[in-house]
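Working notes for the structure below.
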Amino acid sequence: MSTHLPDGARAVAIDILVHGPRSRAQLAKDMGSSAPTLTRLVKPLLAAGVLVETDAVPSPGRGRSSVPLDVVPDAWRFVGVKLTSETVYAVTTNLRAEVLDAETVDAPSREVASVVATVSDVVGRLRRRAGRQVHGVGVTVGGLVEDGEMVAHSPFLDWAEVPFRGLLAAEIDVPVFLANDVVGLTRAQQWFGHGRDSRDFALVTVGAGVGYGLVMDDRLVPTTVAPVSHLAIDPHGPLCSWGHRGCMSSYVTSPAMTAAVGQAHRRSVTYDDVLALAEEGDAAARRVVDEAAHALGRAVSAITSLTGVARIILSGEGVRLAELGRAALDAGRLEYPGARTSAADPVVIRPMGFLEWARGAAVIAIQAVFPQPDTVLP
């Protein structure tokens, strides 16, 4: 069974999903709608089962009790999958992107058919354990994704022009959605994270690479990572893998940081080693972490200056460098020429692991499915 939902009704459903249950009166106030208009928009949502009336909340004084409207998060299931060069990270979530189950599997190879088979197997196991219908599968990769269909270029997977969504959809009988991994994280922060109450924010991720997502006027702005990942920091700085001297990637990526500390100590080190050595006061590691944090601060200030966005969310598996180098981060933010920033501006540092990237992939599916103009009842 399906029912057509007008755009206004979809906006009401999304508002409640993102911001939580509210009465009709509060919704009308928050959305700037009249009571009759809101009643008209809510009616098909209730009829379709997209919204439900929850327990009445007593009103102050002698007025009538209000009946909040809400979604039914546990009536929905989504699977999110994040691909790296060596591992498949997958989660099952409900409609509010709360993780209910997870699985991590080593990828046998980067060969496309092998990755398709591995992802299909993981999704199948999560679906069986979900015990109910899965409404969508979101998959994200690091690299350029075109039209939600093609992995045009992924340096981490060594893929080019791979029609991955279609290949995977042929193996999975639920809707499949493909996106860049930073897009997934940005959308997760927009609906269910630190960007939920901000119409404008930027996300910068650090780890094996540098990612950049931008939301303005509550809309995701198409971006590429290169303007941030290769932002010039110091013309006399180290070289990155692309041959740029002193760009962001030459300072803040985990390969760059481990190479610098490893060279200083004449031995191989991991990224965790770098951070541990810095915490212990090792001079080389401390310098590398502070230089990376300073570069990250410069990038944050550049983003604010160019976009006017004050709220910056720093994340990614390598973001702990910003916590260890917080003084250097703030110094970098404040010294950028013409900077429109101050130490009081809201920079959010949110460490996370790869399962959070998988959660972002699930949000790609949530946003694509809920609620479609022709909404299928869960």
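The values are calculated or read from the model by the stated rules, or taken from the named source; none is laboratory data. Since the structure is predicted, the reported quantities are computational estimates derived from the model, not experimental observations. Methodologically, a virtual Cβ is constructed for each residue, glycine included, from the backbone with ideal geometry; neighbour enumeration extends over all protein chains shown.
A compact table of results
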{"read-out": "Residue ID - surrounded by the most Cβ atoms within 10 Å (Cβ to Cβ), chosen from residues in region 145-175 that are in a helix (DSSP H, G or I) and not hydrophobic (A, V, I, L, M, F, W, C)", "value": "Arg165"}
{"read-out": "Close pairs from region 269-285: first free of Cβ contacts under 8 Å to residues at least 60 places away in the same chain, partner outside any helix (DSSP H, G or I) and surrounded by 13 or more Cβ atoms within 10 Å (Cβ to Cβ), Cβ under 7 Å, at least 6 apart", "value": "Tyr271/Gly318"}
{"read-out": "Among the candidates Ala232, Ala264, residue that is surrounded by fewer than 18 Cβ atoms within 10 Å (Cβ to Cβ), among the hydrophobic types (A, V, I, L, M, F, W, C), farther than 24 Å from Met352 by Cβ and modelled with pLDDT under 95", "value": "Ala232"}
{"read-out": "Given (1) polar (S, T, N, Q); (2) without any contact (Cβ under 8 Å) to a residue 40 or more places away in the chain; (3) more than 24 Å from Pro222 (Cα to Cα); (4) surrounded by fewer than 22 Cβ atoms within 10 Å (Cβ to Cβ), index of the condition Ser254 fails", "value": "(2)"}
{"read-out": "Matching residues in region 235-245 - criterion: being loosely packed, with under 13 Cβ neighbours inside 10 Å and closer than 18 Å to Gly332 by Cβ", "value": "Pro235, His236"}
{"read-out": "Meets criteria (of a type outside the set (Ser, Thr, Tyr), modelled with pLDDT under 95, surrounded by 22 or more Cβ atoms within 10 Å (Cβ to Cβ) and over 19 Å from Val182 (Cα atoms)) for Gly332", "value": "yes"}
{"read-out": "Thr118 vs. criteria β-branched (Val, Ile, Thr) and in contact with a Lys or Arg (Cβ under 8 Å, 6 or more places away or on another chain)", "value": "no"}
{"read-out": "Condition broken by Ile349, with the remaining ones in (1) closer than 30 Å to His135 by Cα; (2) hydrophobic (A, V, I, L, M, F, W, C); (3) modelled with pLDDT under 95 satisfied", "value": "(1)"}
{"read-out": "Close pairs from region 42-55: first in a helix (DSSP H, G or I), partner at pLDDT below 90 and exposed (fewer than 14 other Cβ atoms within 10 Å of the Cβ), Cβ under 9 Å, at least 6 apart", "value": "Pro44/His4; Pro44/Pro6; Ala48/Met1; Ala48/Ser2; Ala48/Leu377"}
